[in-house]
1. Cα-Cα pairs above 28 Å in the chain: how many percent?
2. In what sequence do L253, L329 fall when counting other Cβ within 10 Å, fewest first?
3. What percent antiparallel are the DSSP beta bridges of the chain, to the nearest 5?
4. Specify the inter-centroid distance of region 1-21 and region 88-162, based on alpha-carbon positions, in whole Å.
5. Which GluC sites (Glu not before Pro) from region 141-188 combine a DSSP loop assignment with at most 11 other Cβ atoms within 10 Å?
6. Rounding to the nearest 20 debye, state how big the charge dipole of the chain is about its Cα centre with +1 on each Lys and Arg Cβ and -1 on each Asp and Glu Cβ.
7. Can you give the helix-only mean residue ellipticity at 222 nm for the chain, where every DSSP H stretch with n ≥ 4 adds -39500 (n - 2.57) and the sum goes over all residues, rounded to the nearest 500 deg cm²/dmol?
8. Which ³J(HN,Hα) values in Hz, rounded to whole numbers, follow from the phi angles of region 79-87 under the Karplus curve 6.51 cos²θ - 1.76 cosθ + 1.60, where θ = phi - 60° and Gly and Pro get x?
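Where a number appears in this text, it was derived from the coordinates with a stated rule and is not lab data. This one's a predicted model, so the numbers in the text were calculated from it and none came from an experiment. Because the Cβ atoms are built from the backbone with ideal geometry, glycine has one as well, and the counts that use them run over all protein chains shown.
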Amino acid sequence: MLRVKVAGTGAYLPERIVTNDEVAKWLDTSDEWIFSHSGIHARHWAAPDESSSTLGTKAAQQALEAAGAKPEEIGMIFCATSSPDYSTFPATGSLIQSALGCNNAGAFDLSAACSGFIYALELGRCWVMAHPGQKALIVGCEVMTRTVDWNDRTVSILFGDGAGAVVLEAAEAPEGVQPYYSLHGSDGTGWQAIVREGGSRVEPPKVPVGEVAMQPVGFMKMNGRTVFNFAVKKLDEIIKTLCEQAGLKPEDLTRVYAHQANARILEAVAKRAGLPIEKFFMSIAETGNMSTASVPFILDKAVRAGELKDGDLIALSAFGAGLSWGGALTAWPWL
């Protein structure tokens, strides 16, 4: 039976590591306070000459190499990001396409906040099924540290920069392989819980002829308690709904690869789902919240550590601004 397969994974973290102790030099906080509230000890910061496109390009190069795929074999690039190189256009995906030399590929950006990779994965799967002779590249890339006010300890300490990527291709799946299940949703009434001002909603200021009117871009604002409660409820619901659709129980899962937003959220989800926290693959202590890059990053990390093997029954899950959410259940590496 023809299915879509994750043929290769890749990831990239900037070299600079910023520990909680370093943050505490300019912010009224401590490693103990940050870790107790989030499970984070450190995060990576992009260098001045790095951006979402450069991080995404490096992750994509690894994924192409792992898949044994040439750039010209890619037919479409799906770039999920909440921190694009440019505020509206050109698409960060187009910059990645150029840097990789994927001359036969279309490219575009997808904005679904931290749920973006899950949405892009679904679109990529459908695209490959419609074009089985071509491969798709899914990239999640972020420089979230540039979207937050580093004087605001309620938000800034949570985020880090990084990227992850996967290459998808059509292939014949073994007989009896677990079917693929997915779900996606949004509660637009909760949009105010996570907001970054800017864009075309507000008319730019009037300036004299000959001068340039700059549209201001604000820092991210987040209602932490609202987001925490939403995330715990929704991630638990995603896991249970997917398992119900597949005729399984949560304990049947080999592992859960969930958005790395906050370790305390994942601990609460594990408790509600009746699962040991060890079933949740974790990287947040060293990376912080990398938004839509977090799920592809942990998939690559697990693959390269030998902790994600062919046939493993896994669930993917994420939530984000919007409020959006998404999830998938399958036997790795089949979609």
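1. Counting pairs separated by more than 28 Å, the tail of P(r) holds 39 percent.
2. Listing L253, L329 from fewest to most nearby Cβ atoms yields L253, L329.
3. Numbers: 40 of 57 bridges.
Counting DSSP beta bridges with both partners in the chain, the antiparallel share is about 70 percent.
4. With region 1-21 and region 88-162 each reduced to a Cα centre, they are spaced 12 Å.
5. Within region 141-188, the qualifying GluC sites (Glu not before Pro) (loop, at most 11 other Cβ atoms within 10 Å) are E175.
6. Computed about the Cα centre, the dipole is about 520 debye.
7. -9000 deg cm²/dmol
8. With coefficients 6.51, -1.76 and 1.60, one gets 9, 9, 7, 10, 9, x, 4, 10, 4 Hz.
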